[in-house]
1. Consider segment A:107-130. How many of its residues are closer than 23 Å to A:Pro53 by Cβ and either touching a strand residue (DSSP E or B) at 6+ places or on another chain (Cβ under 7 Å) or not polar (S, T, N, Q) (or both)?
2. Tell me, yes or no, whether segment A:249-266 has at least one residue that is in contact (Cβ under 8 Å) with a residue 60 or more places away in the chain, part of a loop (DSSP other than H, G, I, E, B) and in contact with a Gly (Cβ under 7 Å, 6 or more places away or on another chain).
3. Could you say whether any residue in segment B:100-117 is on the phi < 0 side of the Ramachandran plot and over 23 Å from the mean Cα position of the chain (by Cα)?
4. Residue by residue through segment A:223-243, note down the ones that are within 14 Å of chain B (Cβ to nearest Cβ) and either of a type in the set (Lys, Arg) or touching a Cys at 6+ places or on another chain (Cβ under 7 Å) (or both).
5. What are the residues in segment B:125-180 that are assigned to a helix (DSSP H, G or I), in contact (Cβ under 8 Å) with a residue 60 or more places away in the chain, over 21 Å from B:Leu59 (Cα atoms) and within 14 Å of chain A (Cβ to nearest Cβ), if any?
6. More than 22 Å from A:Ile181 (Cβ to Cβ), in contact with a helix residue (DSSP H, G or I) (Cβ under 8 Å, 6 or more places away or on another chain) and touching a residue at least 60 places away in the same chain (Cβ under 8 Å): which single residue out of A:Glu287, A:Glu296, A:Glu313 fits that description?
7. Within segment B:104-122, identify whether any single residue is of a type in the set (Phe, Trp, Tyr) and either more than 14 Å from chain A (Cβ to nearest Cβ) or closer than 22 Å to B:Leu65 by Cα (or both), and answer yes or no.
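The values are calculated or read from the model by the stated rules, or taken from the named source; none is laboratory data. Everything numeric in this text was worked out from a predicted model, so none of it was measured. In this analysis, Cβ positions are derived from the backbone assuming ideal geometry, glycine residues included, and neighbour counts consider all displayed protein chains.
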Amino acid sequence: MKVMAQMSMVMNLDKCIGCHTCSVTCKQAWTNRTGTEYVWFNNVETRPGLGYPRTYEDQETWQGGWVRTKRGKLKLRAGGRAKKLASIFANPKLPSIHDYYEPWTYEYDMLLSAPQGEHTPVAKPKSLLTGKDMSIQWSANWDDDLGGSTATMQDDPILKHMSEHVAEELEQTFMFYLPRICEHCLNPSCVASCPSGAMYKRVEDGIVLVDQDQCRGWRMCVTGCPYKKVYFNHKTGKAEKCTLCYPRLEVGLPTVCSETCVGRLRYLGLVLYDADKVGAAAAIEDEHDLLAAQREVFLDPHDPEVMAAARREGIPDDWIEAAQRSPIWKLISEYEVALPLHPEYRTLPMVWYIPPLSPVVDVVASSGNDGEDGRTLFAAISQLRIPLEYLAGLFTAGDTGPVERVLRRLAAMRSGMREVNLGREFPEENAEAVGMTGDQVQEMYRLLAIAKYEERYVIPTAHTEVARELEEMACSLDFEGGPGMGGAGPFGSSSGQPTPVAVENFHALSARQTADSPYGPSTPGRVNLLNWDGNGRPTGLFPPGEDGAGEEGRS
Amino acid sequence: MGLTDASADKIILWVVLPYVTFAVLVVGSIWRYRYDKFGWTTRSSELYEKRLLRWGSPLFHFGLLFVVLGHFLGLVIPNTWTEAVGVSEGFYHFIATSMGSIAALVAVAGLLILVYRRRSTGPVFLATTRMDKTMYVFLAASLLSGAWATVQTQILAGGHGYDYRETISPWFRSLWYLQPQPALMEGVPAAFQVHIVAAMLLFALWPFTRLVHAFSAPVQYPFRPYVVYRSREASVTSRAPRPGWDPTTTPPR
C-alpha cells in the first residue's frame, strides 16, 4: 500500500443555476491575458449540448484518454510513444481554434468617438486573431440554456450513443448545467502524452500542472486530455491548464470557482488513495466496473492501518486529519452519491458530480403530481429512462444502475426532509429503501444543503507557505524589466525572464490610468474620467484655451 | 597546406567564420536557455491553421532529417572508410545523389508550403516576428543553395559529379581537429561556397530564433514512465529566491 493524498472536488449539479460566475471569476483570475482569450479553465455547459470545445466527448474523433488493449494493458487512444513522436510535426488530432471559437472584442470606442450622424453608432465585433471585422459563429457557451440547440443538439456525443427516438422528444424533457474544470486525474493521459516531460502530478496533493519553463509546445497534451482541459496559449506557444488554484490551496483558501460559486455547490477536500492500485483499476476490463474500481482505490482515512501507512509515506498529521473531515470522502464513499465524469476514459478523474434529480422533479411537478412525494419520485426515476440514460452516459459509462441508486437516495432525502419540515419524524422506511439510515440521510442533507464554508472546503495548508508568501515582498521595482519597460520580449510574446507580479501590477495600473479605452487609442485629446485617478491635470481634461494653455497638462 | 599559404579572405571565410559561428551557436544557446527558458518553444501555429500545416510541416521536417543524415555521411565519414567496407565511389555517388535529391525535394516542397501558409493565413502571418522572417531568409538560402549545388554539380555535371569528399569534407573535419586547412576550399564550386556560408550564418542565427526547439527534440520520451510525479518543493517557485531568505534550520550538532 502506497498512500497518497489527492485534493479533489465534488459538484452538486442540482444546485447549479448556470450563472457562469465560476467561469467569469476564474477567467479574471487566470486567463484574461493575450493568447488565452479562448481559454476557459472553468466552463459551464448546458446539457444536452455540445460542450466546449464542440463535441469534445466524441473520442472516436478526438482520441483522448486511454484504451484497454486486448492483452489488458492501457494504451493512449491517440497512439503510443512511437506514434506520438512520428506525428509530432503536425498533430492530426489537435482541435483547431474554430472547434473552440475565434476570440473577439467589440469596437467599443466607436460608441463614444463616432461623429454625430443620423444613425446610432454600433460597436462591430473585431477578431482578436486577425484584427478584422468578423461574424460571430460560436463561443464557449453558445448553446447555453438549450439556445439554438434544435440545430446542434443532435451532435451531442452522449445523445448519439442513445437511440433516435430518445433524441426527438428530449427537448421537452430536461436540461441541466455541467460546470467543468480540470479533473486532476489519478492516471492523467495528458501527462502521459507530454513528450517533454513538462507536465506532472504533484506528489503532495495530486494537482496536475504544466512546467511553463519546460513545455516546448508539442501540443500532445491537448490531444491526450479527453476532457480537453489543457489549452494551447497561441501567443506564448505553451500549454496551460487549470491549476486547481494551487497558490490559494497552499494557504488554505478554496479555488476561485468554489469561493465565488453562487449556488455553493462545490466541495473541496482530500482523498487518500492507494497509488499501487491505480494502474489495475484503470485497466479493468468492463467499463461498467470502472466506478467501483476507482472507489476501491480510495482508502478509509479513519482506518488505523491506513493512517499508519500514510504517516510512513510522510503525509503530515494535519493532512490526515483533514482527509478524515473531507466532504469528498463522505460524498463519494460514505453516502455514495457522487459519480465521476466519464470513467470510461480510464484516467480516474478526481472531480466528481452528484447527478441532478431536478429533471425528474420537474417532470413530476409539471404533470400535476407531488414532486416531493417519495413514492411518486421513486416511480418517476425508474420510468424516466431518458434523463437516466443520459446521466449514465455522462457519469457511469452508460450503466444506469448507479445513477438510479443515487437519484433514489436524493429522492429519499427530499421526501424525508419534507416530513421533517412539516414537523413529523424522518420516515425511517424511506432511508431503508435506499440502503441508508435516517440519521445518515439527515447528515447528508446537512452537508448538501446547509454546510458552512469550513465544512464545504476542508483544505490543509502546505507546509512551507510562509517563506513563499514573503518571496514577493523581497522584490522591489528595481527589477530589470521594471518600470519604464513594456511590450514583448525580443523572441516574441512573453519571452525572457518572468516578471515579478509587483512589476506586472505596476504596469497594469499605470496603463489603466493612462489608457482611454480597452480597445485601442481613443480620440486624441479626450480623457475618460472613469480611468482618471483624480491626480494632476491630464492632457485633454479641459478643452484647449485660446492660447493653447489647456493642452500643456500642468500638474 | 597550412594556414600560411592561404590568403586573408580565405582565412576569414573558411577559418574565422566557422569558429565564430560555432562559438556564437554554443554560447548563444547557453545564454538563451538561461535567459529565456519560457521562450524556448516551437511556437506552433497549428491552432490557427491545420490543412496546409498537415502537409507542409511533416514534409519539411522529415525531409530535413534525411538531409541532416546525408550531411553526416558525406562530411563526417571519410571516403577511405566507405571504400574500406566495399562501397565504390560510383555507388556512393549514386546513393548520395539520388537520396539527397529526394530529401532536398521533400524539404523544399515542405518549406514552400510553409512559407505560403505563413504569408497567406492571416493569424499565422500576424504571429510572425521579425526574427522569424530573418530566420526564414537564411533557412531558405541554405536549403535552396544546397539543393542547387546538388543539381548543378552532381546531376547536371554528369559522370561521378563533383567529388566534395576530396575537398569540403576534409576541410570540415580539419576544423574539428583544430588544424584548419582553408586551402582545401580553393576551387570548390561557387554553389557549394554559397551554401556553406549561408549555412554558417544560419547556425549563428540559430540560438536567437525559434529554431532552438530542435535542441529539445523529445528523444527521452520513449524511455520515461508515462506519468511524471514531482514534489512541490522542487516545482513551486518561479525564480531563485533572493539571498538572505534561506529558511531557518537547526545547526548540526
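1. Residues of segment A:107-130 that are closer than 23 Å to A:Pro53 by Cβ, as a first pass: A:125-130.
This time we only want the ones that are either touching a strand residue (DSSP E or B) at 6+ places or on another chain (Cβ under 7 Å) or not polar (S, T, N, Q) (or both), so: A:125-129.
The qualifying residues number 5.
2. No: zero hits.
3. Filtering segment B:100-117 for residues on the phi < 0 side of the Ramachandran plot gives B:100-117.
Adding the requirement that they be over 23 Å from the mean Cα position of the chain (by Cα) leaves none.
The answer is no; no qualifying residue exists.
4. Here is the first cut: in segment A:223-243, the residues within 14 Å of chain B (Cβ to nearest Cβ) are A:223-225, A:228, A:230-240, A:243.
A:Gly224, A:Cys225, A:Lys228, A:Val230, A:Lys235, A:Lys238, A:Ala239, listed by residue number.
5. Within segment B:125-180, B:Met131, B:Thr134 meet the criteria.
6. Values: A:Glu296 fails: touching a residue at least 60 places away in the same chain (Cβ under 8 Å); A:Glu313 fails: in contact with a helix residue (DSSP H, G or I) (Cβ under 8 Å, 6 or more places away or on another chain).
Just one listed residue meets the conditions, A:Glu287.
7. As a first pass, look at segment B:104-122 and keep what is of a type in the set (Phe, Trp, Tyr): B:116.
Pick out the ones that are also either more than 14 Å from chain A (Cβ to nearest Cβ) or closer than 22 Å to B:Leu65 by Cα (or both) and you get B:116.
Within segment B:104-122, one or more residues are of a type in the set (Phe, Trp, Tyr) and either more than 14 Å from chain A (Cβ to nearest Cβ) or closer than 22 Å to B:Leu65 by Cα (or both).
Listed here are the residues, each with its yes/no results for (1) facing chain A (nearest Cβ under 9 Å); (2) assigned to a helix (DSSP H, G or I); (3) over 22 Å from B:Lys133 (Cα atoms).
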| residue | (1), (2), (3) |
| --- | --- |
| B:Leu184 | no, yes, yes |
| B:Val188 | no, no, yes |
| B:Phe192 | no, yes, yes |
| B:Leu202 | no, yes, no |
| B:Ala214 | no, yes, no |
